[in-house]
1. Taking the stated definitions as given, is K57 in a helix (DSSP H, G or I), of a type in the set (K, R) and surrounded by 13 or more Cβ atoms within 10 Å (Cβ to Cβ)?
2. Right, L102: in contact (Cβ under 8 Å) with a residue 12 or more places away in the chain, part of a helix (DSSP H, G or I), closer than 21 Å to G152 by Cα and not hydroxyl-bearing (S, T, Y) or not?
3. Among residues belonging to the range 182-225 that are of a type in the set (D, E, K, R) and not in a helix (DSSP H, G or I), point out the one that is surrounded by the most Cβ atoms within 10 Å (Cβ to Cβ).
4. Listed residues L97, L90, L49, L68; which is closer than 20 Å to P8 by Cα, without any contact (Cβ under 8 Å) to a residue 24 or more places away in the chain, part of a helix (DSSP H, G or I) and not small (G, A, S)?
5. Residue by residue through the range 71-87, note down the ones that are in contact with a Ser or Thr (Cβ under 9 Å, 6 or more places away or on another chain) and without any contact (Cβ under 8 Å) to a residue 24 or more places away in the chain.
6. Hey, any hits in the range 50-65 for a residue that's farther than 24 Å from A219 by Cα and either among the small types (G, A, S) or at pLDDT below 95 (or both)?
7. Please specify each residue of the range 202-225 satisfying the condition of being aromatic (F, W, Y) and at pLDDT below 85.
8. Return the residue satisfying two criteria in turn: it lies in the range 135-155 and is more than 19 Å from F21 (Cα to Cα) and surrounded by 14 or more Cβ atoms within 10 Å (Cβ to Cβ), and of such residues it is modelled with the highest pLDDT.
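The values are calculated or read from the model by the stated rules, or taken from the named source; none is laboratory data. All values reported here derive from a predicted model rather than from experimental measurement. Using ideal geometry, Cβ is built from the backbone for each residue, glycine included, and neighbour counts are taken over all protein chains shown.
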Amino acid sequence: MRLMHRVPRLIRWIFTVMLLFLVVLTIYRFIFFFHFRNINRPFSGSAFLLGLRFDAKFISIMGLGMLLLSAIPFLNPVKSRGAARFWTILLSIIFLLTLIFLGADFYHYDYLKQKLNASVLNYLQDAGISFSMMIESYPLIKIAVALCILVGLFELVHRRLLRRIANSAANGNPAKKNILYYVFFVLLLGVLSFGKIGQFPLRWSDAFVFADDFKASTALNPFQSFFSTLSFKNSGYDKVKLK
């Protein structure tokens, strides 16, 4: 605990928020695995470890964005009450979007046995029909109530954690030492957002090294599968080449 109090309060807050999101994504991965697995399929630690890297990649990108915005004095939540309210609202919206992605991924896999991908955007062309099908197929009212409850819990937890960190005493470190903490934190987030050691960052295709579709689906998070397929959402076939 004493070591954590030496860390600048802004870094502690960002790290705490990242940890909250990581816990939610990990819980979802457990739910996904045990709900959709075959009875005889053993637990796959390798898929969960790779999934942890995918989650850390997107959470670190969020953390870098939080750090960059908080560099603006009036957006620093540990120094400004207005900024604290702003971040509570913004992070609650991000948390809601995260839950929507997770829910869409769950029901998309339940229906098509595929991870959420950008092809779902094609349903917007017939939004009325798609919405009617969703109402008939899924308990949307219960889902909406659950989302409201979860977002409310997140807002409450975040507000209390932020208040505790903001009200804690400053670490008292010399400015140069604080700079070192920030440099290390930025480098850590940069490494995690890249995802792996090598020429290329962690990519959607890295999940398929398992040669097992279910393991790959367990490892992938819906953000990776969705944004990696945006350029292929309207893919079709060439009749001439096919002939």
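1. Numbers: in a helix (DSSP H, G or I): yes; of a type in the set (K, R): yes; surrounded by 13 or more Cβ atoms within 10 Å (Cβ to Cβ): yes.
Judged against the criteria, K57 is a match.
2. Judged against the criteria, L102 is a match.
3. D212
4. Step by step, each of L97, L90, L49, L68 is checked, and only L68 is closer than 20 Å to P8 by Cα, without any contact (Cβ under 8 Å) to a residue 24 or more places away in the chain, part of a helix (DSSP H, G or I) and not small (G, A, S).
5. Those that are in contact with a Ser or Thr (Cβ under 9 Å, 6 or more places away or on another chain) and without any contact (Cβ under 8 Å) to a residue 24 or more places away in the chain: P73, F74, A83, F86.
6. As a first pass, look at the range 50-65 and keep what is farther than 24 Å from A219 by Cα: 65.
Pick out the ones that are also either among the small types (G, A, S) or at pLDDT below 95 (or both) and you get 65.
Scanning the range 50-65 turns up at least one residue that is farther than 24 Å from A219 by Cα and either among the small types (G, A, S) or at pLDDT below 95 (or both).
7. Pass one, the range 202-225, residues aromatic (F, W, Y): 204, 208, 210, 214, 223.
Answer for the range 202-225, where residues must be aromatic (F, W, Y) and at pLDDT below 85: W204, F208, F210.
8. Going through the qualifying residues, I end up with I143.
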